[in-house]
Number of protein chains: 2
Amino acid sequence: MSWLDEIKWDEQGLAPVIAQAHDTGRLLTLAWMNREALVATVDENRAVYWSRSRRRLWRKGEKSGYIQHLVELRIDCDADAILLLVGQNGGIACHTGRESCFYRKYEDGTWKTTDPVIKDPMAIYDSLS
Amino acid sequence: MSWLDEIKWDEQGLAPVIAQAHDTGRLLTLAWMNREALVATVDENRAVYWSRSRRRLWRKGEKSGYIQHLVELRIDCDADAILLLVGQNGGIACHTGRESCFYRKYEDGTWKTTDPVIKDPMAIYDSLS
């Protein structure tokens, strides 16, 4: 499909994907997609990423329930980065139980945690595996 | 410096960097940094990226004048992605003369340009090189 071919996938067949909350504008996650993940995202109308660590498709929220509904899909000028505007189920995107994965801020030579845990990850996931 | 060592730079010594407008929340750019670029960003209080195509530090706005003032610097849970909240000079981040590099939206199997050109790139850059 030509819209998929327009994307400049990297040498591993991946592209970085930014997930942004469509309502608050909060930056939630940076993840990765391959062609299959992007097709699944469009078909299923929810964020489906490629997990580089597990080397498989990762339907965001498949374990936690915190799925990301697709609201809008964009690419950048170089066609090598993807932006998803999403509706974040439960308002929690991070596996640490926080709204956003970007919960640490640079301050005087350190990364300071600024955002609260909304829900204990132990209560989100059945196991720590 | 330990805050730099905490970042999981990829095998090429890079990390993806998202630039977001601090005032409007608009996603502007996805670019890349190495250690040197991140240090320069903090030291100079403006976005300094690593240009993968030109293989050199790229002080965003060095030719166009559309520099990105650093307002806040964040990293994600995995410490392999960086977020900059920036003040975008002139309200133009994209080399096409648009506010954001993400000016194309997926619609029915095509990427549709939705955002206007604010300033003709020919008028922004002295040359096309």
>> Looking only at chain A, where both bridge partners belong to it, what percent of the DSSP beta bridges are antiparallel (to the nearest 5)?
In response: 80 percent
> So how far, in whole Å, is the C-alpha centre of segment B:65-129 from the one of segment B:1-32?
Replying inline: 14 Å
> Averaged over B:107-113, how many beta carbons belonging to a partner chain fall within 10 Å of each residue's beta carbon?
Replying inline: 3
>> Within 15 Å, Cβ to Cβ, of B:Tyr106, how many net charges do the neighbouring residues add up to if Lys/Arg are +1 and Asp/Glu are -1?
In response: -3
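Place the peptides A:73-81, B:53-61 in order of packing, highest mean first, counting for every residue the other Cβ atoms within 10 Å and averaging per peptide.
Averaged packing, sorted descending, gives the order A:73-81, B:53-61.
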>> Taking the Cα centre as origin and putting +1 on Lys and Arg beta-carbons and -1 on Asp and Glu beta-carbons, what dipole magnitude results for segment B:9-65, to the nearest 20 debye?
In response: 300 debye
>> How large are Rg and Dmax for the protein assembly as shown when calculated on the C-alpha trace, in angstrom?
In response: 17.8, 59
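Per residue of B:91-104, how many C-beta atoms from partner chains lie within 10 Å of its own C-beta, taken as a mean?
Per residue, the number of nearby Cβ atoms from other chains is 3 on average.
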>> No solvent, one uniform scatterer per C-alpha: report log10 I(q)/I(0) for segment A:25-89 via the Debye equation at q = 0.20 1/Å, two decimals.
In response: -0.78
>> My understanding is that a pair violates if its Cα-Cα distance is over 30 Å; which of A:Lys8/B:Lys63; A:Lys8/B:Lys60; A:Lys60/B:Lys119 do that in this structure?
In response: A:Lys60/B:Lys119
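Just to be sure I follow the definition: excluding the sites themselves, where is the longest run in chain A that has none of the GluC sites (Glu not before Pro) in a DSSP loop with at most 16 other Cβ atoms within 10 Å?
A:63-129
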>> For segment B:2-94, what does the relative contact order come out to in percent, with C-alpha contacts under 8 Å and a separation of six or more?
In response: 29 percent
> Along segment A:49-64, what does the Karplus equation 6.51 cos²θ - 1.76 cosθ + 1.60 (θ = phi - 60°) give for ³J(HN,Hα), rounded to whole Hz, x for Gly and Pro?
Replying inline: 9, 9, 7, 6, 6, 8, 6, 7, 4, 10, 7, 3, x, 4, 9, 7
> Using a simple charge model, +1 on the beta-carbon of Lys and Arg, -1 on the beta-carbon of Asp and Glu, nothing else, what dipole does the protein assembly as shown show about its Cα centre, in debye to the nearest 20?
Replying inline: 100 debye
>> In whole Hz and in residue order, list the ³J(HN,Hα) couplings for segment B:90-102 that follow from phi through the Karplus curve 6.51 cos²θ - 1.76 cosθ + 1.60, θ = phi - 60°; x for Gly and Pro.
In response: x, x, 10, 9, 8, 5, 7, x, 9, 4, 10, 6, 8
> With charges only on Cβ, +1 for K and R and -1 for D and E, what is the dipole size of segment A:2-120 about its Cα centre, in debye, rounded to 20?
Replying inline: 580 debye
>> Viscosity 1.002 mPa s, temperature 20 °C: what is the translational diffusion coefficient of chain A from Stokes-Einstein with a Kirkwood Rh over Cα pairs, rounded to a whole number of µm²/s?
In response: 139 µm²/s
> If you count, for every residue in A:30-36, the Cβ atoms of partner chains within 10 Å of its Cβ, what is the mean?
Replying inline: 2
> In degrees between 0 and 90, to the nearest 10, how far off the longest principal axis of chain B does helix B:35-44 point, with axes built from Cα atoms?
Replying inline: 70 degrees
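A short reminder: the numbers here are calculations on the coordinates, not readings from a lab. Here the structure is a predicted model, which is why all the values come from computation and not from measurement. Glycine gets a Cβ as well: all are built from the backbone with ideal geometry, and neighbour counts include every protein chain shown.
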